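The values are calculated or read from the model by the stated rules, or taken from the named source; none is laboratory data. Computed from a predicted model, the values in this text were never measured in an experiment. Cβ atoms come from the backbone with ideal geometry, glycine included; neighbour counts cover every protein chain shown.
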Amino acid sequence: MMALLTLVLSLASPSLHAVSSITVQIGAISSPNFQASDLNLELPLHSGKAVTLKTRLKQADSSWAEASLHCPALENPQAGMWRCRDAKLASPQANGNVSVALQLPVAQQPFKADLQLAAFSFSDRVGLHAGDKLAADVSLQATHDATGWRWQAALDWREGELFWQPFYFASGGHSLHAAGHYSAQALQVDTAQLKLKAVGSADVSGIYNLSGKRIEQLALQTSALDLATLYPLLLKPLLDKTSLNDMEMAGTASLQLAMQAGELQDFRLDLQQADIADRKGKFALYKLQASIPWSYDAAQPIALDYAGGHLLDIPLGAARLRAELERYSLRTPQLVLPILDGALTLNEVSAAWVNQQWHWHLRADLAPISMTELSTALGWPRMEGQVAAAIPQVTYSDGKLATSGAMQFKLFDGTVTVGNLSMQTPLGLTPRLNADVQFRNLDLGALTRTFAFGAIEGRMDGDVNVLQLANWKPVQFDAMFKSSAGRYPRKISQRAVENISALGGAGAAAAVQRSVLRFFKEFNYARIGLTCRLRNSSCAMDGVDGNPAHAPVNNTASGYVIVEGSGVPAITVLGYNHSVGWDELLARLQRITAGNSKPVIQ
């Protein structure tokens with residue numbers, strides 16, 4: 001809406017034939033998202049004179065602000081051509097020097113526009129787009145033909161910072177040169193080359209349907225792109241909400257793709273000597289060589305080799321992976337992944353991309369891995385034994401990974417079985433794991449020596465049911481550990497008694513025959529048992545007769561037996577705290593294994 005318009009003629013002499021400039025005054029201009037008022041434009045009628053525009057601007061719910069544009073000399077060297085050098089733009093959201101040269105399409109001349117920015121800064125109201133101290137050259141040339149315009153364009157960005165949500169460019173040195181055709185129906189790019197400093201270049205051509213608002217054709221081919229600079233500049237912002245948002249990369253990658261009628265037809269990704277590592281230490285692959293072609297019409301073989309890496313600190317050996325991609329599915333009869341002195345073999349791997357999600361299934365076999373090597377790699381106390389597993393089927397669908405069958409580990413002369421294993425969003429930012437874990441006939445002597453707990457002779461069973469981990473931290477389980485059935489020596493050292501008492505907290509106590517306590521370093525016991533029902537960061541605890549599914553909570557009226565004595569000398573350890581914070585329980589375990597526990601023995 002234009003509220004007021006005043007036209008003022010500035011005269012160089014009293015004669016109307018000596019008009020030297022025109023002043024245009026507009027009281028107000030308004031639109032739903034923008035308002036301007038008190039607009040004053042001074043236009044000279046002779047080349048080489050200054051042009052000044054002053055106004056007040058207001059966007060949406062922001063306050064009014066002054067804005068101005070001053071061209072020190074507007075030049076008109078020939079018909080249809082206008083130039084202004086070093087114009088000064090000042091406004092709340094854009095400031096800097098602007099030089100403009102404009103050639104209008106008259107007398108068979110093409111349209112030309114050249115724009116130079118120097119010390120130019122801008123920002124939008126919500127902060128999603130901003131630039132600082134920009135220096136750039138922009139040019140556009142267009143020639144009219146029977147169906148539209150044949151055009152050429154160039155952008156040379158020399159200096160300055162730019163933030164364009166979600167991308168941030170800390171400096172210039174980038175360029176874009178393109179040529180093509182424009183009509184009412186389509187924007188056609190015949191050739192375009194984008195060069196990103198320290199990253200590489202990409203050649204692009206294609207057709208964009210303006211009425212249908214879709215890409216009709218696209219062809220892209222990159223040079224060998226430097227992954228060390230490509231990842232933080234372009235990939236990290238796009239992966240911000242994924243588990244790949246904090247990576248370190250090296251090596252090179254090249255990409256080719258083609259689209260027709262808005263659909264991807266061909267694709268090829270090649271990696272050369274690539275290192276890909278998670279900064280949080282979750283995983284890494286080194287010296288990765290990959291050739292991953294894809295075609296809509298024909299099956300393609302893919303190859304991926306790496307020299308080594310790690311998964312959660314577990315070292316991975318060199319591997320050669322081969323598979324076949326057919327449209328939206330992947331198949332391979334076998335993948336062998338060396339791990340320490342063993343290997344994980346994935347058989348009958350089949351995956352498909354359906355409804356914008358991956359769905360896959362496989363069989364897995366874990367060849368025996370030395371627990372000595374595994375515990376050392378994970379920074380755990382040294383353990384003996386081996387880990388081996390056979391999983392009849394692993395499936396992944398709708399963001400959930402599930403297994404059928406159970407994984408079995410040989411540890412401490414007993415067995416550990418993991419069943420009902422499933423995961424939600426295993427590759428997401430907050431993965432969730434569910435499982436049931438069974439421990440059977442573990443040698444307490446080997447176990448307590450490994451964790452410096454104090455010597456205990458005997459055997460132990462355990463069940464950790466409805467286990468839930470969120471982001472790899474326990475949030476729920478029903479755990480019960482107790483003496484195994486059968487006949488075997490059952491002895492416990494005084495140090496182990498002290499540590500069990502410390503584990504029970506300030507309310508725990510050990511009742512022994514006081515007259516012989518000072519003369520014995522070990523005692524007989526009949527049963528050892530402890531349960532923990534974890535809910536809401538609190539562990540409801542009980543002893544040898546407890547059931548974790550029904551453990552008492554906040555009941556300190558009666559104690560529970562952790563160690564039940566037998567024979568002479570005998571010892572009984574009681575616990576009285578039925579509710580212990582999970583973090584506090586972990587802290588007690590850490591103090592015990594570090595040798596810093598200070599229990600009270602009665």
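Rundown of residues vs (1) modelled with pLDDT under 85; (2) touching a strand residue (DSSP E or B) at 6+ places or on another chain (Cβ under 7 Å); (3) of a type in the set (A, V, I, L, M), yes/no style:
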| residue | (1), (2), (3) |
| --- | --- |
| Leu366 | no, yes, yes |
| Leu374 | no, yes, yes |
| Ala377 | no, yes, yes |
| Ala390 | yes, yes, yes |
| Gln393 | no, yes, no |
| Leu401 | no, yes, yes |
| Gly414 | no, yes, no |
**Report entry** Selection from the range 421-451 of residues that are part of a strand (DSSP E or B) and under 16 Å from Ser375 (Cβ atoms)
**Finding:** Leu442, Asp443
Query raised in the report: Would you pick out the residues in the range 490-520 that are modelled with pLDDT of 80 or more and either in contact with a helix residue (DSSP H, G or I) (Cβ under 7 Å, 6 or more places away or on another chain) or farther than 15 Å from Val563 by Cα (or both)?
Result: Ala496, Asn499
Report summary line: Those residues of the range 297-320 that are in contact with a Lys or Arg (Cβ under 7 Å, 6 or more places away or on another chain) and either surrounded by 15 or more Cβ atoms within 10 Å (Cβ to Cβ) or basic (Lys, Arg) (or both) come to a total of 3
Report task. Kindly indicate which of Ser397, Ser329 is in contact (Cβ under 8 Å) with a residue 40 or more places away in the chain and closer than 25 Å to Gly428 by Cβ. Result -> Ser397
Query raised in the report: Listed residues Ala178, Ala142, Ala101; which is touching a strand residue (DSSP E or B) at 6+ places or on another chain (Cβ under 9 Å) and within 20 Å of Arg85 (Cβ to Cβ)?
Result: Ala101
**Report entry** Residue match in the range 206-217 (condition: in contact with an Asp or Glu (Cβ under 8 Å, 6 or more places away or on another chain) and without any contact (Cβ under 8 Å) to a residue 24 or more places away in the chain)
**Finding:** yes
Report task. Considering each of Leu264, Leu304 in turn, give the residue that is on the phi < 0 side of the Ramachandran plot, assigned to a strand (DSSP E or B) and under 24 Å from the mean Cα position of the chain (by Cα). Result -> Leu304
Report task. Report yes if Arg320 is at pLDDT 95 or above and not small (Gly, Ala, Ser), otherwise no. Result -> yes
Report summary line: Within the range 211-255, restricting to residues that are modelled with pLDDT under 95 and among the small types (Gly, Ala, Ser), the one that is nearest to Gly281 (Cα to Cα) is Ser243
Query raised in the report: Residues that are aromatic (Phe, Trp, Tyr): which strands (runs of 3 or more DSSP E) entirely in the range 152-257 hold 2 or more of them?
Result: 167-169
Report task. Tell me, yes or no, whether the range 262-276 has at least one residue that is crowded, with 16+ Cβ neighbours inside 10 Å and under 23 Å from Leu378 (Cα atoms). Result -> yes
Query raised in the report: Can we say Ala198 is small (Gly, Ala, Ser) and over 19 Å from Tyr168 (Cα atoms)?
Result: no
Report summary line: Restricting attention to the range 440-492, the residues that are surrounded by fewer than 20 Cβ atoms within 10 Å (Cβ to Cβ), farther than 23 Å from Arg533 by Cα and of a type in the set (Val, Ile, Thr) number exactly 1
Query - Number of the condition not met by Phe167 [criteria: (1) surrounded by fewer than 17 Cβ atoms within 10 Å (Cβ to Cβ); (2) hydrophobic (A, V, I, L, M, F, W, C); (3) out of contact with any helix residue (DSSP H, G or I) (no Cβ under 8 Å at 6 or more places or on another chain)] - result: (3)
Query raised in the report: Looking at the range 160-186, which of its residues are under 25 Å from Arg125 (Cβ atoms) and not small (Gly, Ala, Ser)?
Result: Glu161, Leu162, Phe163, Trp164, Gln165, Pro166, Phe167, Tyr168, Phe169
**Report entry** Within the range 90-103, considering residues that are under 39 Å from the mean Cα position of the chain (by Cα) and in a strand (DSSP E or B), the one nearest to Leu74 (Cα to Cα)
**Finding:** Gly96
Query raised in the report: What strands (runs of 3 or more DSSP E), lying completely within the range 321-420, carry at least 3 residues that are farther than 30 Å from Asn441 by Cα and touching a Lys or Arg at 6+ places or on another chain (Cβ under 8 Å)?
Result: 342-354
Requested in this report: Test Val416 against the criterion of being more than 24 Å from Gly281 (Cα to Cα) and of a type in the set (Val, Ile, Thr), and give yes or no.
Outcome: yes
Query raised in the report: Out of curiosity, is Lys197 modelled with pLDDT of 95 or more, among the charged types (D, E, K, R) and touching a His at 6+ places or on another chain (Cβ under 7 Å)?
Result: yes
Requested in this report: Identify, by number, the condition in (1) surrounded by 14 or more Cβ atoms within 10 Å (Cβ to Cβ); (2) assigned to a loop (DSSP other than H, G, I, E, B) that Val106 doesn't meet.
Outcome: (1)
